[in-house]
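Peer 1: Got a structure for you, questions after.
The values are calculated or read from the model by the stated rules, or taken from the named source; none is laboratory data. This structure is a prediction, so every number in the text was calculated from the model and none was measured. Positions of Cβ are generated from backbone atoms using ideal geometry, with glycine treated the same way; all protein chains shown enter the neighbour counts. Protein only, heavy atoms only, side chains kept; ligands, DNA and RNA dropped before computing areas. Shrake-Rupley method; radii C 1.70, N 1.55, O 1.52, S 1.80 Å.
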Amino acid sequence: MARPPTGWILALAVPLRLALDLSWWVQTPVGSLGRLGSGILSLILVAIVASRWRRAAAHPLAPVLWLLIGVIGVGVLRAGQPRLAVAYGLHLLIPVAWLLALWVAPPPRGTLALWVASAGLPVGISVLALLVGQPAAHVLHGWPRLLGGYGNVHTHAGVMALVSVTAWGLARRHRWAGIVALGATICLGATFVRTAWLWAACAALGAACAARRWRWAALASGLGAVAAVASGRLGDVLSVLTLPPPPGGWGAIGSSRGRIWADSLARFLDEGAWVLIWGRGLGGHLGLHRHLDPHSDLLSLWFQLGLVGVGIYGLWLGWAATLLWRRARDGAGPAALAFGLLVGSALTAPLSNDWLTRASAVLWVWGVVGLALVERSPGEGLAPASPRGRTRAAAGGARGPGACATPPPPPG
């Protein structure tokens with residue numbers, strides 16, 4: 001039976017989000033076109049989940065998702081500014097609604113290939129920008145940065161990191177995906193964003209380990225290390241390993257992240273045990289270091305939702321990774337790839353603010369996770385089944401192996 005139209009809406013969400021990233025310069029009465037698109041998407045996802053809430057309750061991650069929704073609600077109530085509560089509430093709730101929507105209305109087969117194919121547009125624009133010498137016009141911290149069609153180098157680098165790993169994973173079945181993967185990898189290198197390099201390396205290594213491709217894991221690790229050292233962008237890491245501080249002192253580590261983290265933490269810890277446990281509310285991560293956020297997704301979560309929020313979010317990541325690892329061992333679809341993307345995101349999130357508040361990165365990672373959770377394993381039926389469907393399946397199974405729910409038609 002054909003998938004319902006709702007599944008196609010979800011399949012097209014990622015391509016449309018990638019297109020919105022390229023229209024960052026278009027403004028609307030509520031802000032950028034991307035912000036407007038995120039708001040509309042959140043309403044669509046909530047409507048889909050609400051219309052099939054019984055199936056949503058059967059999601060394997062449902063218990064921790066309800067806890068997360070609850071702690072985000074506490075963050076909303078503790079927020080100092082309603083505008084920030086709405087903005088950061090959407091950032092944190094969209095992946096929850098996205099996972100549940102993919103569960104209750106699974107997209108058609110080939111959705112992941114569609115996402116990679118749609119990424120060919122931003123990859124192609126970035127390759128063209130590289131060929132015409134765009135990086136020379138965007139020098140940051142002494143390095144020429146490739147922006148492609150994006151307004152922010154970190155958004156560009158994050159998308160290229162995720163697309164490159166995903167496309168390489170599909171290249172064995174779809175040769176054209178190898179072209180997208182190669183272009184995304186080249187563009188990722190030209191951004192000179194070290195966290196994104198590490199993101200891609202950890203994701204590729206995690207996917208290879210989950211798929212038990214040890215030779216590929218070793219090869220990827222070796223090539224990644226050689227490329228990173230040859231780039232000359234690991235001066236901070238070498239300073240940590242060899243002890244002499246970098247130019248500007250230890251606070252200059254990671255483009256001054258060391259100074260930002262130390263200042264933000266000192267001010268946050270001065271606010272008392274209650275804030276330490278429950279956070280400052282949504283948007284409360286801003287202003288602890290001048291007007292900046294802490295440039296760390298882990299610290300952003302802690303400052304907004306407290307240790308309770310960090311614990312629940314970590315439980316969500318760990319639970320999801322465990323499910324994906326098991327499904328990868330069972331040979332379920334993109335489970336190994338989803339495991340790698342999720343682990344790579346979790347490992348690099350403390351080092352940057354490139355994931356939680358980047359809509360395309362969030363949709364891509366949790367989208368692949370969602371597809372892996374609804375993909376059938378060998379010998380397994382389609383998941384998830386509706387409550388009525390599960391009842392019928394159980395009744396059919398009671399009649400014995402090979403029994404039919406309805407009698408076969410008469411011969412001839």
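Peer 1: Please work out whether region 276-374 counts as rounded, prolate or oblate from its C-alpha gyration tensor, where a ≥ b ≥ c are the square roots of the eigenvalues and a/c under 1.5 means rounded, while otherwise a/b larger than b/c means prolate and anything else oblate?
Peer 2: Verdict is prolate for region 276-374.
Peer 1: Taking Cα pairs under 8 Å and at least six residues apart, what relative contact order does region 1-77 come out at, in percent?
Peer 2: In percent, rounded to a whole number, it is 16.
Peer 1: Across 5 Å bins from the origin, how do the percents of Cα pairs in region 4-78 run, short distances first?
Peer 2: Histogram of Cα-Cα distances, whole percents per bin: 3, 13, 16, 19, 19, 17, 11, 3, 0.
Peer 1: Beta carbons within 10 angstrom, averaged per residue: use that to sort the peptides 46-57, 160-171, 348-359, 300-311, highest first.
Peer 2: Ranked from most to least packed, the peptides come out as 160-171, 300-311, 348-359, 46-57.
Peer 1: Determine the per residue accessible area of region 71-110 with all protein chains present and a 1.4 angstrom probe, expressed in square angstrom.
Peer 2: Per residue, region 71-110 has an accessible area of 39 Å².
Peer 1: When a/c is below 1.5 the answer is rounded, else prolate if a/b is larger than b/c, else oblate, so apply that to region 113-224 with a ≥ b ≥ c taken from the square roots of the Cα gyration tensor eigenvalues.
Peer 2: Verdict is oblate for region 113-224.
Peer 1: Can you pull out the trypsin sites (Lys or Arg not before Pro) in region 62-159 whose DSSP state is coil and whose Cβ has at most 15 other Cβ atoms within 10 Å?
Peer 2: For trypsin sites (Lys or Arg not before Pro) across region 62-159 that sit outside H, G, I, E and B with at most 15 neighbouring Cβ atoms in 10 Å, the list reads ARG109.
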